[in-house]
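Structure first, commentary second.
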Amino acid sequence: MKFRSGSEEKVYKFFKDKKIKVKYEPNKYNYEWFENKTYCPDFLLPNGSYIEVKGRLTIEMRKKHLFFRKSNPNIIIRFAFDNPNKKLNKGGTMTYAGWCDKHNFEYCKISDGIPKQWYNAKRV
């Protein structure tokens, strides 16, 4: 059996020595984590939408954007990446672009320019 820490393994061995049958991490439960935070998007366009410029897209940033959208569904945030094909994690397969596609965020590559429809669109 594989444990996340040596301490967990020690506790498991304790119970095993006492002949007490326990199950290690048998269940997974969902929960919501509420915090009051503020966020200041990078660029406000004349049409009322925003562009967030990212060189990196950490797990904390990804969570922030999902929570922000859930709390503010009428505010449009689009991403401009240095490299949308950069992997989220070393050795992983998901890219910044893939994460955006999965969560319905529009994105572009900065060196290709900002799509005209993003800033020429009517006020949202």
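The values are calculated or read from the model by the stated rules, or taken from the named source; none is laboratory data. Note that the structure is predicted; figures quoted are calculated from it, not measured. In this analysis, Cβ positions are derived from the backbone assuming ideal geometry, glycine residues included, and neighbour counts consider all displayed protein chains. Protein only, heavy atoms only, side chains kept; ligands, DNA and RNA dropped before computing areas. Shrake-Rupley method; radii C 1.70, N 1.55, O 1.52, S 1.80 Å.
What residue, of 46, 26, is modelled with pLDDT under 95, closer than 23 Å to residue 122 by Cα and in a loop (DSSP other than H, G, I, E, B)?
Values: 26 fails: closer than 23 Å to residue 122 by Cα.
Every option except 46 fails the conditions.
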- prompt: Looking only at segment 48-61, which residues are of a type in the set (S, T, N, Q) and surrounded by 14 or more Cβ atoms within 10 Å (Cβ to Cβ)?
  reply: 49
- line: Taking segment 98-109 and keeping residues within 20 Å of residue 75 (Cα to Cα) and either open to solvent by 20 Å² or more (accessible area, probe 1.4 Å) or in a helix (DSSP H, G or I) (or both) leaves 99, 100, 101, 102, 103, 104, 106, 107
- prompt: Taking the stated definitions as given, is residue 30 surrounded by 10 or more Cβ atoms within 10 Å (Cβ to Cβ) and closer than 20 Å to residue 102 by Cβ?
  reply: no
message: Given the criterion under 30 Å from residue 2 (Cα atoms) and either open to solvent by 100 Å² or more (accessible area, probe 1.4 Å) or in a helix (DSSP H, G or I) (or both), identify the matching residue among 64, 37, 70, 21.
response: 21
message: If I filter segment 73-97 down to residues being out of contact with any Phe, Trp or Tyr (no Cβ under 7 Å at 6 or more places or on another chain) and hydroxyl-bearing (Ser, Thr, Tyr), which single residue comes out as most open to solvent (accessible area, probe 1.4 Å)?
response: 93
